[in-house]
1. Just the Cα atoms of segment 88-244: what Rg and Dmax do they give in Å?
2. Checking the cross-link filter: which lysines have an alpha carbon closer than 16 Å to that of Lys437, excluding same-chain neighbours under 8 positions apart?
3. What are the extents of the Cα atoms of segment 295-418 along their three principal axes, listed from largest to smallest and rounded to whole Å?
4. What range in the chain is the longest one free of GluC sites (Glu not before Pro) that are in a loop by DSSP and have at most 12 other Cβ atoms within 10 angstrom?
5. Relative contact order for the chain: what is it in percent, counting Cα pairs under 8 Å that are at least 6 residues apart?
6. Could you work out how much longer the chain between Glu311 and Ile64 gets when fully extended? Use 0.36 nm per residue separation minus the Cα distance between them, nm to one decimal.
7. Along Cα→Cβ, 7 Å out, is where each label goes; now give me the distance between the ones at Ala110 and Gln170 in nm to one decimal.
8. Note the full-extension length gain between Ala357 and Val329 as 0.36 nm times their separation in residues minus their Cα-Cα distance, in nm to one decimal.
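Read-outs: derived from the displayed coordinates by stated rules, not from any lab. Here the structure is a predicted model, which is why all the values come from computation and not from measurement. So basically every Cβ, Gly included, is an ideal-geometry build from the backbone, and we count neighbours across all protein chains shown.
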Amino acid sequence: MDEIDFREWSERAATWSANYLETLSDRPVKAQVTPGDIACQINTSPPESAESMEKIFSDFEEIIPNGMTHWQHPRFFAYFQGNAAPACMIAEQLAGTLAAQCMLWQTSPAATELEVKMVDWLRQAFDLPKAFQGTLQESASAATLCATLVMRERALNWAGNRFGLSGQKQVRIYASSQTHSSIDKAMWIAGIGQDNLVKIPTGDSLGIDVETLRSAIKQDRENGFLPAGIVICFGGTSIGAIDNVEAVCEVAKEENLYTHLDAAWAGSAMICPEFRNLWTGVENVDSVVINPHKWLGVPQECSAHFIKEPELLIKTLSIQPEYLKTYNVEGIYDFSQWSIQLGRRFRALKVWFLLRAYGLEGLRTRIRNHVVWAQKLAARINEQPDFEISTKPVLSLFSFRYKPGDDRELNELNLQLVDAINKDGRIYLTQTNHEGKIVIRFVAGQFNMAEEDADVAFEVIVNIARNGLS
């Protein structure tokens, strides 16, 4: 492909993308395919000779879009949204063109310095104290793994990295029963072990029971374990559970434990001052992760990892062979020392485009709308005699259950309802297990959602439940 071809096909891709976004609401949200439908259309062996871009692009149009679940669809109400604001899509195209490897300041000075500024812009947007610095990780899972490693090394006086975990005291980390599975995975990867993640039950508020937490730490110390840290849940994926940040931090201070606040989804709402009471005490945590690539509109991958004492993270993760050292330059950041990855993408560019193209007030308006629309929908569903609200709205997330009053088994019935709704294609929902019951999650948050999309959700949910199930 020469420069002329590149220009032609870039323009064609841009035109396709614009048409896709304009007609997206006409597509079913969830891919209407079965396993193997896409694979059978792909050749079993790579081509020996180059193929034309015309053929490649034609195959893309024919095969790929119909096999995708459309995360930018305005009626995507499943999981948590993975938004991509149009202005950020342009930034991604530019970042892809530059194709920078942003591991060191000297390999990408503009990318590094823009990242420093964008993390601070986000810090200001969330009203976090100036003490927090940070970096843009690829995911909340990566940020949580980093925090888990810091907890481990801090507790072991940095002996784990050097000597391994054999012969050391068993490290213990604490979290609520509502915590995300990425914390479990971090325990695996960090070598601490699943059984050393102590999950504390939640109270009536669905936040961690602080007195039970305090007792568990005391008991572990008496039994010879080494308490190291607490992961604080702020907007759990299942039903939006939120721990009492201030109270947990008080326990952590008493016990000299490192705290990490997992605010991957709900943290984005903290750009709205009226919601910040939900994380009172956040200034006392040691690290925070918030995913702009969920609710704010930044495309994957972009997790803001704020750290009060970056030197602890760097001491845990930094390895600098001679070929990665920079000489004769002062005051620089090499963000590969702040992360698991050595190679890093130019993530800050899309944050810069987002914040400038929409402004904080534009982003606040979207989040406020999502919260209001979710609350209205929950109220409408709650008015229906054959439905119940299982968990009240937390910001824009709530759960409900179809309960018609006959002799059908309700867990199976609600699984059938989710499946029927998603096969219908007009909206996309997912289920969760709450207190032993299958309930259906609804979360508003797609970047271009309108209030009418919530109205469609109500009609689809009610009509399919009453008329589309046997």
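1. Using the Cα atoms of segment 88-244, the pair Rg, Dmax is 18.8, 57 Å.
2. Lys392, Lys403
3. 75, 35, 24
4. Working: sites that count: Glu48, Glu51, Glu330, Glu383, Glu409, Glu435.
Longest site-free region, per DSSP loop and neighbour criteria: 52-329.
5. 22 percent
6. Roughly 84.4 nm would be gained on extension.
7. Placing both labels 7 Å beyond Cα along the Cβ direction yields 5.3 nm.
8. Numbers: separation 28, 0.36 × 28 = 10.08 nm, distance 3.35 nm.
That works out to 6.7 nm of additional length.
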